[in-house]
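Since every read-out is calculated from the coordinates, none of them should be taken as a lab result. Since this is a predicted model, take the numbers as computed values, not measurements. As a convention, Cβ positions derive from the backbone with ideal geometry for all residues, glycine included, and neighbour counts pool all protein chains shown.
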Amino acid sequence: MFKIKHVLLLSFTIIALAIAGCKSQFEKIRLSNDVAKKYQEAMRLYNKKNYSKALILFEDLSQKYRGRAEAEELNYHYAFTLYKLRDYTTARYQFKSFADTYPTSKYAEECRYMGAYCYYLDSPAPPLDQENTYKAIDALQLFINFYPKSERAADASKYIGLLRTKLEDKAYNNAKLYYDLGGMGADAVNYKSAVIALKNAQIDFPDIKYAEEMDLLIVKSQMAYARNSYETRQEDRYSEAITYADEFVETHPQSKYLEEVKDLKKSSEASILRAKSFLAEMAKDQKKYKAMLAKENRTDTTTTIKTPNK
């Protein structure tokens with residue numbers, strides 16, 4: 001038993017020493033002042049796809065090679081090391097820095113593109129803040145402006161299209177959220193907010209793929225807003241819904257929602273008649289009528305909303 005334990009301990013010791021020896025070899029190079037040897041090792045590690053260790057050496061060398069002829073090649077691989085490690089934020093900075101520092105380099109076009117592409121990769125999902133998405137679009141468009149005849153320009157245009165679709169998704173979902181909130185029993189003014197948000201989204205994205213659905217929601221939202229209003233305000237608000245319905249029919253004459261919109265228009269017209277009938281009946285009792293108007297003036301407010309987060 002003692003011999004077995006001794007053999008196991010010896011084996012573990014040998015393995016530990018072997019590992020320590022490997023680590024000390026890398027550390028020896030890392031701490032060395034021989035920059036040529038360090039650069040050679042960094043490239044060897046890079047080519048072996050050991051990017052974590054290569055990065056340690058590249059970061060050290062980027063300072064020591066500043067101003068030297070070899071700095072161009074080094075900084076090119078340094079940027080790609082960061083990209084391979086999926087540190088897109090730092091990578092895009094390094095790619096842009098390379099393109100700005102070496103505008104005539106054979107790598108300049110590639111690095112300008114990669115900097116923009118890293119922004120694209122850092123673009124978040126539609127529900128999140130889209131600041132990086134806007135920056136990605138700007139960077140990709142700038143690349144196209146710099147290199148309109150580049151083979152990469154087609155890819156840049158494709159990515160811009162995908163990013164714009166993401167922004168459209170967010171704009172549509174943000175606007176629809178107000179409508180959904182109204183339906184869940186939240187404050188009825190959310191329906192008016194939905195109309196405003198839907199129309200603003202169409203101004204921001206004139207060719208938005210959700211145009212039909214959004215125009216339908218505008219009609220529905222305006223009708224719901226009118227339905228949840230006091231009777232004295234319903235005629236104007238239902239009339240606005242009728243206007244939106246007419247615009248829908250004119251804009252989307254072949255829409256699958258056409259009959260639904262026509263039914264919504266008829267319902268709005270009927271609701272106006274009911275509201276008028278109710279007010280006429282209430283007017284017979286001036287005391288009740290004045291009390292109703294006083295209550296409405298105290299509680300009904302004009303709706304304003306914030307611009308949805310981009």
> How far apart, in nm, are two points set 7 Å out from the Cα along the Cα-to-Cβ line at residue 209 and at residue 155?
Replying inline: 2.2
>> Shape verdict for the range 145-280, please, from the Cα gyration tensor: rounded (a/c under 1.5), prolate (a/b greater than b/c) or oblate.
In response: prolate
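Determine the shape class of the range 27-82: with a ≥ b ≥ c the square roots of the Cα gyration tensor eigenvalues, call it rounded for a/c under 1.5, and otherwise prolate if a/b is greater than b/c, oblate otherwise.
oblate
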> What is the Cα centroid distance between the range 145-182 and the range 219-235, reported in whole angstrom?
Replying inline: 34
> Taking the Cβ-Cβ separation of residue 239 and residue 169 as r and a Förster radius of 41 Å, what is the calculated FRET efficiency to the nearest 0.05?
Replying inline: 0.80
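What FRET efficiency would be calculated for the residue pair residue 141, residue 37, taking the C-beta separation as r and a Förster radius of 51 Å, to the nearest 0.05?
So, using R0 = 51 Å, E works out to roughly 0.75.
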>> With the cut-off at 26 Å, tell me which of the pairs 53/166; 176/265; 96/199; 149/199; 166/199; 37/84 have Cα atoms farther apart than that.
In response: 53/166; 96/199; 149/199
> How would you order 254-262, 192-200 from highest to lowest mean count of nearby Cβ atoms within 10 Å?
Replying inline: 192-200, 254-262
